[in-house]
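Worksheet: one structure, shown below.
Throughout, read-outs are computed from the coordinates displayed, never taken from laboratory work. Quantities reported herein were computed from a predicted structural model and do not represent experimental measurements. A quick note on method: Cβ atoms are made from the backbone with ideal geometry, for glycine too, and the neighbour counts reach across all protein chains shown.
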Amino acid sequence: MSMSFAKPTVDQRVAEQLLREAIAVAQDDSREIPAMEWDIEIRTIIQGKHLTFRYILVTGLLGKATNPSINALALQARADVEGAYDARSLCHGVIVPIERQLLNSLLGGSNEPFLNKPARFPVISPSNAVRAGKDKELLLILHKVLSEVETSEQAFNSLCTAMRYTLERQTARSELLPQLSESADSHLKTIEFIDAFVTKSIEGQIAAILTGTVLSIYFDQVIGGEIIVHPINQSGASSNEIADIDIKINGEIFVVFEVKDKQFSQQDADHAAFKASQYGLNSITFIIGVNGACVGSSLEQVAKDVFLARSVNVIFIDLPSFVRSVIALCPDLDFATFLERLQYYAIVARVKDEVFEHIENVFQSMQVASNPPSNNPAGAD
């Protein structure tokens, strides 16, 4: 038989003030944050690869810092535990907008993090169903931290620590690649990087941000315009989005691109063409990644059928060829600008941490290849 508990609330105005204060403390390197016994656990979660656990941790700490009577383990107000509160509303109403405003989406840039599976349970419990291995380990760590934080002071100090580790994620990104001077072989370096970069898909995120990057560089140098890379797997989520990448000139849609790094069908092409036609466009380009393929029909037949149905030209081109062609049209390309732009679109597209790691690994492998260790001892002829 379930028990009835009084449900505490969290004043979002107070919570926002506390979160802003915690971020300010974290940004001030001269401010020493009191050490908590679970600082290492907080770092493990914040700098780990599971964004939902980051949001749950920060939400629990913020809720406890705002109202010490809440149960930091609770995820839903209907949870059958004392101190249950509406964690999702706190996260969506305070953390999500402040993260965008002050944290450069470093927690993960999610619009609704509590819709993800690990946050759909009533409470954080070691028995919650998550994938074995690292996810299970993170769940246990999260449970430990949120169950041991007892006072609002402990919660606020832990929140400051979490924010400092969050800001370190930005430092890691910005220091991912050292400053590179312009060089005569920038085109060759860029192509070398791309060839290694596209060996992974990471749910199509690699192909999408790479396409957006080279288009952005080209349009900046030749035409001018706004290149919009929508969050991966969310294109068309609003009335202002047409395809994976929309390009505007003078505020008007100029051309759009779908990026496919997985199997797709004629129906997918037809749907994309229909959306394009709704905006008065007579063409849409499909960029096909190394893992992409049309099933059921040839590309030529799909293009013909879609044109007959929609009066929209569907142009198919493979990613490596497209990227090389665009780069060839950028006479002032430099490798440093390419990498900087790639990281920018990785952030705005809210890609997984794995993508940033892949960028770093590819770059580092190039550095090793171009600077092989000497076989001669120092000072030898």
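Taking amide H atoms as placed 1.01 Å from N in the peptide plane, list the residues 5 or more away in sequence, or in a different chain, whose amide H sits under 5 Å from that of GLY292.
LYS262
Can you list the HN-Hα couplings for the range 200-217, worked out from phi with the Karplus curve (6.51, -1.76, 1.60; θ = phi - 60°), rounded to whole Hz and with x for Gly and Pro?
Couplings: 10, 9, 6, 6, x, 6, 4, 4, 5, 6, 5, 4, x, 5, 5, 5, 4, 5 Hz.
Stick to Cα atoms and the Kirkwood definition of Rh, then tell me Rg/Rh for the chain. Working shown, then result.
Values: Rg = 24.1 Å, Rh = 23.3 Å.
Result for the chain is an Rg/Rh of 1.04.
Mind sorting ILE42, ILE206 by how few other Cβ atoms lie within 10 Å of their own Cβ, fewest first? Present the calculation step by step, with values, prior to reporting the outcome.
On the way: ILE42 23, ILE206 29.
Ordered from fewest to most neighbouring Cβ atoms within 10 Å, ILE42, ILE206 come out as ILE42, ILE206.
Sorting check: for 115-121, 71-77, which peptide has the highest mean count of neighbouring beta carbons within 10 Å, and how do the rest follow? Let's see the in-between values first.
On the way: 115-121: 16.1, 71-77: 22.6.
Listed from highest to lowest mean packing, they are 71-77, 115-121.
Can you give me the angle between helix 186-197 and the longest principal axis of the chain, using Cα atoms only, in degrees from 0 to 90, rounded to the nearest 10?
60 degrees
So if R0 is 51 Å, what FRET efficiency would GLN12 and SER283 give, r being the distance between their Cβ atoms, rounded to the nearest 0.05? Walk me through the numbers before you get to the answer.
Details: r = 46 Å, r/R0 = 0.91.
Efficiency for this residue pair is about 0.65.
Using amide H atoms built in the peptide plane, which far-off residues or other-chain residues are under 5 Å from PHE316 H to H?
HN-HN under 5 Å from PHE316: PHE286.
Which net charge results when you count Lys and Arg as +1 and Asp and Glu as -1 among the other residues whose beta-carbon is under 11 Å from that of PHE219? Write out the running numbers ahead of the final one.
Working: positive: LYS248; negative: ASP220, GLU226.
Summing Lys/Arg as +1 and Asp/Glu as -1 gives -1.
At 20 °C and a viscosity of 1.002 mPa s, what translational diffusion coefficient does Stokes-Einstein give for the range 186-368, taking Rh as the Kirkwood radius over Cα pairs? Give it in µm²/s as a whole number. Mind showing how you got there, number by number?
Numbers: Rh = 16.7 Å.
The calculation lands on 129 µm²/s.
For the range 103-110, in order, what is each residue's ³J(HN,Hα) by Karplus, 6.51 cos²θ - 1.76 cosθ + 1.60 with θ = phi - 60°, in whole Hz (x at glycine and Pro)?
10, 6, 6, 6, 6, x, x, 7
Counting only C-alpha contacts under 8 Å and six or more residues apart, can you give the relative contact order of the range 186-368 as a whole percent? Kindly include the intermediate steps, with their values, before the conclusion.
Details: 288 pairs, mean separation 50.5, N = 183.
Relative contact order for the range 186-368 comes out at 28 percent.
When a footprinting reagent is the concern and you count Cβ atoms within 10 Å, what order do ILE124, ILE23, ILE327 take, fewest first? Please report the intermediate quantities before stating the final value.
On the way: ILE124 27, ILE23 21, ILE327 18.
Going from least to most buried by this count: ILE327, ILE23, ILE124.
If each residue's Cβ is checked for other Cβ atoms within 10 Å, how do HIS187, HIS271 rank with the fewest at the top? Intermediate results must be reported in sequence, preceding the final value.
On the way: HIS187 18, HIS271 15.
Ordered from fewest to most neighbouring Cβ atoms within 10 Å, HIS187, HIS271 come out as HIS271, HIS187.
Using just the helices of the chain, give the 222 nm mean residue ellipticity in deg cm²/dmol: DSSP H runs with n ≥ 4 each add -39,500 (n - 2.57), and the total is spread over all residues, rounded to 500. Display every interim value, and only then the final one.
Details: 14 runs with 186 residues, N = 381.
The helix-only estimate for the chain comes to -15500 deg cm²/dmol at 222 nm.
Give the calculated FRET efficiency between ASP185 and GLN27 to the nearest 0.05, with a Förster radius of 41 Å applied to their Cβ-Cβ distance.
Values: r = 39 Å, r/R0 = 0.95.
Computed FRET efficiency for ASP185 and GLN27: 0.60.
Among the listed pairs LYS117/LYS144; LYS64/LYS117; LYS7/LYS49; LYS248/LYS352; LYS64/LYS200; LYS260/LYS352, which have their C-alpha atoms separated by more than 29 angstrom in this model? It would help to have the intermediate numbers written out before the result.
Values: LYS117/LYS144 20 Å; LYS64/LYS117 23 Å; LYS7/LYS49 32 Å; LYS248/LYS352 26 Å; LYS64/LYS200 41 Å; LYS260/LYS352 17 Å.
Checking Cα-Cα distances, LYS7/LYS49; LYS64/LYS200 exceed 29 Å.
Using label points projected 7 Å from each Cα along Cα→Cβ, tell me how many nm separate PHE274 and ALA328, to one decimal.
Taking the simple label geometry, PHE274 and ALA328 are separated by 3.7 nm.
For the pair ARG120/VAL222, report the inter-label distance in nm, with labels modelled 7 Å from Cα in the Cβ direction.
Here the answer is 4.5 nm between the modelled labels.
Report the net charge of residues surrounding CYS294, where surrounding means a beta-carbon distance below 15 angstrom and charges are Lys +1, Arg +1, Asp -1, Glu -1.
Around CYS294, the charge tally is -4.
Label-point separation (nm) for GLU360 and GLU203, each offset 7 Å from Cα along Cα-to-Cβ?
Going from the GLU360 label point to the GLU203 one covers 2.0 nm.
Angle, helix 266-278 long axis vs. longest principal axis of the chain, Cα atoms, 0 to 90°, nearest 10?
90 degrees
Which whole-number percent is the relative contact order of the chain (Cα, under 8 Å, 6+ apart)? Please report the intermediate quantities before stating the final value.
On the way: 578 pairs, mean separation 60.8, N = 381.
Reported relative contact order: 16 percent.
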